[in-house]
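Structure first, commentary second.
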Amino acid sequence: MSSLPLSSAPWPRSFLKECDFSPEQWLTLIDLAAQLKAEHKNGTEVQRLAGKAIALIFEKTSTRTRCAFEVAAFQQGAHTTYLDPSGSQLGHKESIADTARVLGRMFDGIEFRGTAQTDAEALAEFSGVPVFNGLTDQWHPTQMLADALTIREHVKKPFTDVAHAYLGDARFNTGRSLLVSSAMLGMDVRIVAPPKFQPDPQARTIAQAYADRTGARITITDDVETGVRGADVVSTDIWVSMGEPKEAWTQRVAELRDYQVNAHTMALTNNPDAVFMHCLPSFHDLETSIGRKVFELTGLSALEVSDDVFNGPQSVVFDQAENRLHTIKAVLVAFLQR
Ligand code: CP
């Protein structure tokens, strides 16, 4: 894809999707996150966003992303205003374009989590201020920065030597973004999923275009053994979401149960140093209402990852969750300090 940004390309005005960035720009954000994390940990953090105001639009629920934006902004001296569908006019009484034009007059930046990538793009177009994609159905770019920082901290190899296997449903935001961002970083990236759960042609084309530039190796396979052999990182994401009918859950679980990350999967890597990653939330036990409902329907007490792997010594999921804070802070600083 020739339209990908070159290393000398100017910075995008907004943080909307991975393919707006050159690999060098992406690495700059990861480096900045590592610097800001170190400053925070050693007590030398400097507030670079004093006086800035950031709107946080969440059409969908969130724990990590919302908290990371709020805490990152607070630690950097900025103010946030949280807007959800029930507490604002967005969607039912006011269009995205009109909302964007209003918020652009009041705020220095806008975070958006919702279904449509086009809504994030429209907010950026009509607001005139930087917009940060906190997840759409297509892309989850802030998560990818956190994942990269976590891999750098836990896998003692350059990104270009890291083998990263993702198992499960790779059709949507996390799977697509992971494929593209891993290719940006030059990794050996493996998407391991049944054919109907593999990424769409657009995501594959973007990833291959980055791979042509970075030397990334891309494997898309339905064979778990092939996909995870030699992997340094094994990751996955949830199979079911709250808005879906229960009939869909039963079928999804049947189709994906062979792709659960469990002790056998981790052993298949033949790499005792392999780490397990998950963007969370996760259905690894019966401590959630969805987990219990799926158990009633399927008899499975864990879905995409077994409880022993999730809580085991190879799991770095809570370091990964913490890194949402440091990487989102890097995005805010990079886009709002200017
Ligand atoms: N990983 C992630 O985006 O978490 P939240 O849905 O809790 O924000």
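Each value in this text was obtained by applying a stated rule to the coordinates, not by laboratory testing. Note that the coordinates shown come from a computational prediction; the quantities given were computed from them, not determined experimentally. In this analysis, Cβ positions are derived from the backbone assuming ideal geometry, glycine residues included, and neighbour counts consider all displayed protein chains.
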Worksheet item: Does Ala146 qualify as being within 16 Å of the ligand (Cβ to nearest atom) and either free of Cβ contacts under 8 Å to residues at least 24 places away in the same chain or buried (at least 24 other Cβ atoms within 10 Å of the Cβ) (or both)?
Response: yes
Worksheet item: Checking Thr265 against (1) outside any loop (DSSP other than H, G, I, E, B); (2) closer than 18 Å to Ile290 by Cα, which single condition isn't satisfied?
Response: (2)
Worksheet item: How about the stretch 211-240: which of its residues are free of Cβ contacts under 8 Å to residues at least 60 places away in the same chain and part of a loop (DSSP other than H, G, I, E, B)?
Response: Gly215, Ala216, Asp222, Asp223, Arg229
Discussion item. Within the stretch 56-68, take every residue that is hydrophobic (A, V, I, L, M, F, W, C) and under 18 Å from Ala100 (Cβ atoms) and give me the one that is surrounded by the fewest Cβ atoms within 10 Å (Cβ to Cβ).
Written reply: Phe58
Item to complete: Look at the stretch 28-40 and say how many of its residues are over 15 Å from Gln76 (Cβ atoms) and of a type outside the set (A, V, I, L, M, F, W, C).
Response: 2
Practice prompt. State all residues of the stretch 32-41 that are free of Cβ contacts under 8 Å to residues at least 60 places away in the same chain and closer than 16 Å to Pro141 by Cα; if no residue qualifies, say none.
Written response: none
Worksheet entry | Hey, Thr44 farther than 16 Å from Pro130 by Cβ, exposed (fewer than 14 other Cβ atoms within 10 Å of the Cβ) and in contact (Cβ under 8 Å) with a residue 40 or more places away in the chain or not | no
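The rows are residues; the columns are (1) within 16 Å of the ligand (Cβ to nearest atom); (2) under 19 Å from the mean Cα position of the chain (by Cα); (3) free of Cβ contacts under 8 Å to residues at least 60 places away in the same chain.
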site	(1), (2), (3)
Pro10	no, no, yes
Asp20	no, yes, yes
Gln25	no, yes, yes
Ala50	no, no, yes
Ala55	no, no, yes
Thr65	yes, yes, no
Gln75	no, no, no
Worksheet item: When you scan the stretch 101-138, how many residues do you find that are within 16 Å of the ligand (Cβ to nearest atom) and either within 19 Å of Lys329 (Cα to Cα) or in a helix (DSSP H, G or I) (or both)?
Response: 9
Discussion item. Looking only at the stretch 295-312, how many residues end up being in contact (Cβ under 8 Å) with a residue 60 or more places away in the chain and in a loop (DSSP other than H, G, I, E, B)?
Written reply: 2
